[in-house]
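First the structure, in the form of structure tokens, and then the observations on it.
The values are calculated or read from the model by the stated rules, or taken from the named source; none is laboratory data. Everything numeric in this text was worked out from a predicted model, so none of it was measured. Note that we place each Cβ from the backbone using ideal geometry, even for glycine, and neighbour counts take in every protein chain shown.
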Amino acid sequence: MSGYNPFFPFHFAMIDRLRKMGHRYLVSQTYLHDFDPMGKTILLMSDYDKENIAKIHFNALQDDRFKAILNLENEKHRFKLAELLQSNSAYRVYSAFLADKAGVKQTLKDRFEPEIRRYLRNHTKWQIAGKDSLLVHLEVIFGELYLVMHYRGQQQRIALAELNG
């Protein structure tokens with residue numbers, strides 16, 4: 001889904017907060033579903049408290065030249081992250097958590113509802129009547145946005161980027 005980015009900008013102050021929370025590992029990846037008008041590369045940082053989970057995420061990233069694991073307890077890694085966060089760097093950096101959950105929910109309704117209905121019509125047997133409720137939310141899994149839909153005890157999960165596919 002090009003041009004949609006619900007993620008929170010990564011700020012320098014977040015480094016100490018993440019360290020205090022015990023989330024010392026960051027996995028860096030390119031965020032391909034948005035663009036920067038200044039031509040900066042958009043990076044997404046996912047935080048983890050366990051190195052093995054960070055490694056699983058890292059290994060799931062196929063051909064991303066910006067994939068990396070940063071250890072916030074490593075001074076060189078913190079320095080590199082600080083460089084990335086400078087306003088004059090070639091990067092715009094986001095944290096992989098949703099900035100505004102209520103806003104995301106509204107965007108799903110306003111911007112993606114026709115695609116969601118088309119997907120359900122073409123890929124499920126769900127017959128959603130006017131009085132029925134479809135619960136929809138986003139999940140972030142290894143830096144990718146997934147649309148999760150619940151209807152009458154059933155669930156569908158698809159990558160948001162696949163909605164138009």
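One line per residue, one yes/no per condition, for (1) out of contact with any Asp or Glu (no Cβ under 9 Å at 6 or more places or on another chain); (2) of a type in the set (K, R):
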position	(1), (2)
E51	yes, no
A54	no, no
L61	yes, no
K76	yes, yes
K80	yes, yes
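Taking F79, is it at pLDDT 95 or above, more than 20 Å from N5 (Cα to Cα) and in the same structural domain as L26 (by TED's automatic domain parsing)?
Numbers: at pLDDT 95 or above: yes; more than 20 Å from N5 (Cα to Cα): yes; in the same structural domain as L26 (by TED's automatic domain parsing): yes.
The answer is yes for F79.
I53 versus (1) closer than 22 Å to Y4 by Cα; (2) assigned to a helix (DSSP H, G or I): which is the lone unmet condition?
I53 satisfies all of (1) closer than 22 Å to Y4 by Cα; (2) assigned to a helix (DSSP H, G or I) except (1).
Is it true that T30 is within 17 Å of the chain's Cα centre (by Cα) and assigned by TED's automatic domain parsing to the domain that holds I141? If you could, list the steps in order and put the result at the bottom.
Details: within 17 Å of the chain's Cα centre (by Cα): yes; assigned by TED's automatic domain parsing to the domain that holds I141: no.
It is false that T30 is within 17 Å of the chain's Cα centre (by Cα) and assigned by TED's automatic domain parsing to the domain that holds I141.
Looking at region 95-119, which of the residues that are outside any helix (DSSP H, G or I) and not acidic (D, E) is nearest to the chain's Cα centre (by Cα)? Spell out the reasoning first.
Step one: of region 95-119, the residues outside any helix (DSSP H, G or I) are 95-100.
Filter once more, so that each one left must be not acidic (D, E): 95-99.
On the way: S95: 8, A96: 5, F97: 7, L98: 7, A99: 10 Å.
Checked region 95-119; the qualifying residue nearest to the chain's Cα centre (by Cα) is A96.
Answer with yes or no whether I42 is of a type in the set (V, I, T), under 14 Å from E144 (Cα atoms) and in contact with a strand residue (DSSP E or B) (Cβ under 9 Å, 6 or more places away or on another chain).
Details: of a type in the set (V, I, T): yes; under 14 Å from E144 (Cα atoms): yes; in contact with a strand residue (DSSP E or B) (Cβ under 9 Å, 6 or more places away or on another chain): yes.
So I42 passes the test.
Only one of (1) at pLDDT 90 or above; (2) touching a His at 6+ places or on another chain (Cβ under 7 Å) is not met by L135, so which one is it?
Condition (1) is where L135 drops out.
Run D36 past the list (1) more than 19 Å from the chain's Cα centre (by Cα); (2) exposed (fewer than 14 other Cβ atoms within 10 Å of the Cβ); (3) on the phi < 0 side of the Ramachandran plot and report the number of the one that doesn't hold.
(1)
Which of the residues spanning region 120-156 are closer than 27 Å to A60 by Cα, surrounded by 11 or more Cβ atoms within 10 Å (Cβ to Cβ) and either over 23 Å from the mean Cα position of the chain (by Cα) or not hydrophobic (A, V, I, L, M, F, W, C) (or both)?
Taking region 120-156 and keeping what is closer than 27 Å to A60 by Cα, we get 123, 136-150, 155-156.
Okay, now just the ones that are also surrounded by 11 or more Cβ atoms within 10 Å (Cβ to Cβ), so 136-150, 156.
Result: H137, E139, G143, E144, Y146, H150, Q156.
Can you list residue pairs whose Cβ atoms sit under 9 Å apart, with the first residue in region 118-138 being in the same structural domain as L108 (by TED's automatic domain parsing) and hydroxyl-bearing (S, T, Y) and the second being surrounded by 12 or more Cβ atoms within 10 Å (Cβ to Cβ) and assigned to a loop (DSSP other than H, G, I, E, B)? Count only pairs 6 or more apart in sequence or on different chains.
Y119/L163
Across region 1-33, which residue is farthest from L81 (Cα to Cα) among those that are without any contact (Cβ under 8 Å) to a residue 60 or more places away in the chain and either basic (K, R) or buried (at least 18 other Cβ atoms within 10 Å of the Cβ) (or both)?
For region 1-33, the residue satisfying everything is K20.
Can you name the condition, by its number, that A60 falls short on among (1) more than 15 Å from the chain's Cα centre (by Cα); (2) more than 23 Å from A99 (Cα to Cα)?
With respect to (1) more than 15 Å from the chain's Cα centre (by Cα); (2) more than 23 Å from A99 (Cα to Cα), A60 is out only on (1).
Quick check on region 1-42: of everything there that is part of a loop (DSSP other than H, G, I, E, B) and among the hydroxyl-bearing types (S, T, Y), which residue is modelled with the highest pLDDT?
Narrowing region 1-42 to residues part of a loop (DSSP other than H, G, I, E, B): 1-6, 10-12, 22-24, 31-40.
Subsequent filtering for residues that are among the hydroxyl-bearing types (S, T, Y) retains 2, 4, 31.
Numbers: S2: 53, Y4: 82, Y31: 93.
Going through the qualifying residues, I end up with Y31.
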